[in-house]
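For reference, the structure is listed below as structure tokens.
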Amino acid sequence: MCYSEPGSRQALISLSDKKDLAFVGNGLQELGFTIVSTGGTAAALESAGVTVTKVEQLTQFPEMLDGRVKTLHPNVHGGILARRDQKHHMEALNTHGIGTFDVVVVNLYPFYDKVTSTGGIGFEDGIENIDIGGPAMIRAAAKNHKDVLVVVDSEDYPALLEFLKGNQEDQKFRLKLAWKAFQHVASYDSAVSEWLWKQSVGDKFPPSLTVPLSLKSSLRYGENPHQKAAFYVDKSLSEFNTGGIATAIQHHGKEMSYNNYLDADAAWNCVCEFKNPTCVVVKHTNPCGVASRDDILEAYRLAVKGDPVSAFGGIVAFNVEIDEALAKEIREFRSPTDGETRMFYEIVVAPSYTEKGLEVLRGKSKTLRILEAKKNETGKLSLRQVGGGWLAQDSDDLTPQDIQFSVVSEKAPQDSELHDAEFAWLCVKHVKSNAIVIAKDKRMLGMGSGQPNRVESLRLAMKKAGDEVKGAALASDAFFPFAWKDAVEEACESGVGVIAEPGGSIRDKDAIDCCNKYGVSLLFTNVRHFRH
């Protein structure tokens, strides 16, 4: 049974983001609602021709403490929280002269926008932008959603008005609005919590961690067609404006798939590591071609040449703008395997495109996904799910400039060999373990990935490198557990000029002795690059 008087329906509106305020205010008034509002929202509604009852008229108490206390009053919260089907609730309202609210339209102080604004804001300003009254009203209305419609998103205004016009009683609609309200407050609170943690302690691994995710798109399927999937953007403050594939702009092509996101992410993360103009080709998250050149067209050709069979149907990424000349080369380049088949790619990723470059690429294929991405910032927190939990770690941001390549063999590498070793080491960082990369003259010649033992990865890399292995640099993501009649000796016998590995094995001396026997330079980096 409902104890509200007919025709006495009230709506409470209090908005920081006043988008479409006039629309919802006038719409509710036309439906016979009395509009109760606060401060700037009330003024904006009156300017739009809506008759407004000020909250202080309702509470008989003035706004105080610089606006900190406006709606925190029984005359407001009693009207929101009272259950209409409970006689003693309604009697209590009547005793105290409190009317019910049937609709609550509220959004919150722009805390996220303020603390992520250019230059940021001071601590005291941040504190003042933490909303108290808004979340209280939203939570109260959402809890009592059976009787109160709560709206936190202007996109829901048309649906709200249609629902009210139809005089329907759809609890699913009410429940959906309530879920959205609690989610809105939860995301808001997670931003406040993250900000306060950084202000107070700042450790990267707090005792409790909330990651606010926002649905960007529903995907056709997951890794396989029988798996449902979706893509979410991380709305953590730490991820704001830090680049990456999640916030890339798609200029053309089919919608991104689950595997597209994984592969594009791998390609973009790899190519962004290089300072010189570079092209990276990725297949199944592994770089199968990498080349750096002053001439980006040459870098592209050499990257594809590294493994043209794998490159076909892969993802190609650049760390420089794609202009008309490069776009034409991507569109027309023929596979080195036969000189005839035009190379096909799922995705092209770059930091920017010229107008002509974009036009040319769009002409390559209707399905080619063209992404424009911002370089990933360093220092991020890396999260990975396991059954029932999450692993968190620092991102692997080390570059050759951050470490020391220590010569442990009798033969020291020439400058060109050292540069080759640094290039190979940067490539192997992005290859799945066990990983081996062979490179020369700023070009990856071959790589072996994902093998349970290092010898097999070595053999795969050498097979792809072919005769070019002679005098090349070899990088391993981890130390060699054995040397004689194993990976180190096989590499030396193949003609490799320099080997870079972390060291740290109890048989490091065997690796050194083996390299000395064959006249190969051996470098220890003291840095492992496992990638699982």
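The values are calculated or read from the model by the stated rules, or taken from the named source; none is laboratory data. Quantities reported herein were computed from a predicted structural model and do not represent experimental measurements. Positions of Cβ are backbone-derived with ideal geometry, glycine not excepted, and every protein chain shown enters the neighbour counts. Each accessible area value is taken on the protein alone, full model and side chains, heavy atoms only, with ligands, DNA and RNA left out. Shrake-Rupley method; radii C 1.70, N 1.55, O 1.52, S 1.80 Å.
Data for the structure
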quantity	calculated
The range 404-426: number of residues that are touching a residue at least 60 places away in the same chain (Cβ under 8 Å), of a type outside the set (D, E, K, R) and over 18 Å from CYS270 (Cα atoms)	9
Filtered residue count, the range 16-47, keeping only those that are buried (at least 16 other Cβ atoms within 10 Å of the Cβ), within 22 Å of LYS165 (Cβ to Cβ) and of a type in the set (A, V, I, L, M, F, W, C)	7
Set SER409, SER457, SER449: member being among the hydroxyl-bearing types (Ser, Thr, Tyr) and more than 20 Å from CYS514 (Cβ to Cβ)	SER449
Selection within the range 398-447 - closer than 16 Å to VAL469 by Cβ, in a strand (DSSP E or B) and among the hydrophobic types (A, V, I, L, M, F, W, C)	ILE436, VAL437, ILE438, ALA439, MET444, LEU445, MET447
Pairs where the first residue, in the range 371-383, is more than 24 Å from SER257 (Cβ to Cβ) and the second is among the polar types (S, T, N, Q) and assigned to a strand (DSSP E or B), C-beta under 8 Å, 6+ apart	LEU381/GLN393
Only listed residue being charged (D, E, K, R), touching a helix residue (DSSP H, G or I) at 6+ places or on another chain (Cβ under 6 Å) and touching a residue at least 12 places away in the same chain (Cβ under 8 Å), chosen from GLU329, GLU321	GLU329
Failed item, numbered, when ILE121 is tested on (1) touching a helix residue (DSSP H, G or I) at 6+ places or on another chain (Cβ under 8 Å); (2) at pLDDT 85 or above; (3) open to solvent by 20 Å² or more (accessible area, probe 1.4 Å); (4) outside any helix (DSSP H, G or I)	(2)
The range 496-532, subset aliphatic (A, V, I, L, M) and in a loop (DSSP other than H, G, I, E, B), residue nearest to LYS432 (Cα to Cα)	VAL527
Residue match in the range 300-318 (condition: open to solvent by 10 Å² or more (accessible area, probe 1.4 Å), of a type in the set (Ser, Thr, Tyr) and touching an Asp or Glu at 6+ places or on another chain (Cβ under 9 Å))	no
Residue match in the range 383-391 (condition: surrounded by 13 or more Cβ atoms within 10 Å (Cβ to Cβ) and polar (S, T, N, Q))	no
Test: residue in the range 394-406 that is open to solvent by 30 Å² or more (accessible area, probe 1.4 Å), closer than 23 Å to ASP510 by Cα and at pLDDT below 95	yes
Residues of the range 55-82 satisfying the condition of being open to solvent by 30 Å² or more (accessible area, probe 1.4 Å) and modelled with pLDDT of 85 or more	LEU81
Identity of the residue in the range 332-352, among the aliphatic types (A, V, I, L, M) and in contact (Cβ under 8 Å) with a residue 60 or more places away in the chain, that ends up farthest from ILE245 (Cα to Cα)	ILE347
Complete set of residues in the range 20-45 that are assigned to a helix (DSSP H, G or I), in contact with a helix residue (DSSP H, G or I) (Cβ under 6 Å, 6 or more places away or on another chain) and closer than 18 Å to GLN57 by Cβ	GLY25, ALA44, LEU45
Hey, PRO336 open to solvent by 20 Å² or more (accessible area, probe 1.4 Å), assigned by the TED database to the domain that holds ALA264, in a loop (DSSP other than H, G, I, E, B) and more than 21 Å from GLY253 (Cβ to Cβ) or not	yes
Residues of the range 160-177 satisfying the condition of being part of a helix (DSSP H, G or I) and more than 27 Å from the chain's Cα centre (by Cα)	LEU160, LEU161, GLU162, PHE163, LEU164, LYS165, GLN171, LYS172, PHE173, ARG174, LEU175
Filtered residue count, the range 465-491, keeping only those that are over 27 Å from SER310 (Cβ atoms) and open to solvent by less than 10 Å² (accessible area, probe 1.4 Å)	1
Lone qualifier among ALA264, ALA230, ALA181, ALA191 - being in a strand (DSSP E or B) and at pLDDT 90 or above	ALA230
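For every residue, the table says whether it meets (1) closer than 30 Å to LEU302 by Cα; (2) open to solvent by less than 70 Å² (accessible area, probe 1.4 Å).
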position: SER200; (1), (2): no, no
position: LEU213; (1), (2): no, no
position: ALA229; (1), (2): no, yes
position: GLU255; (1), (2): yes, no
position: LYS275; (1), (2): yes, no
position: LYS283; (1), (2): yes, yes
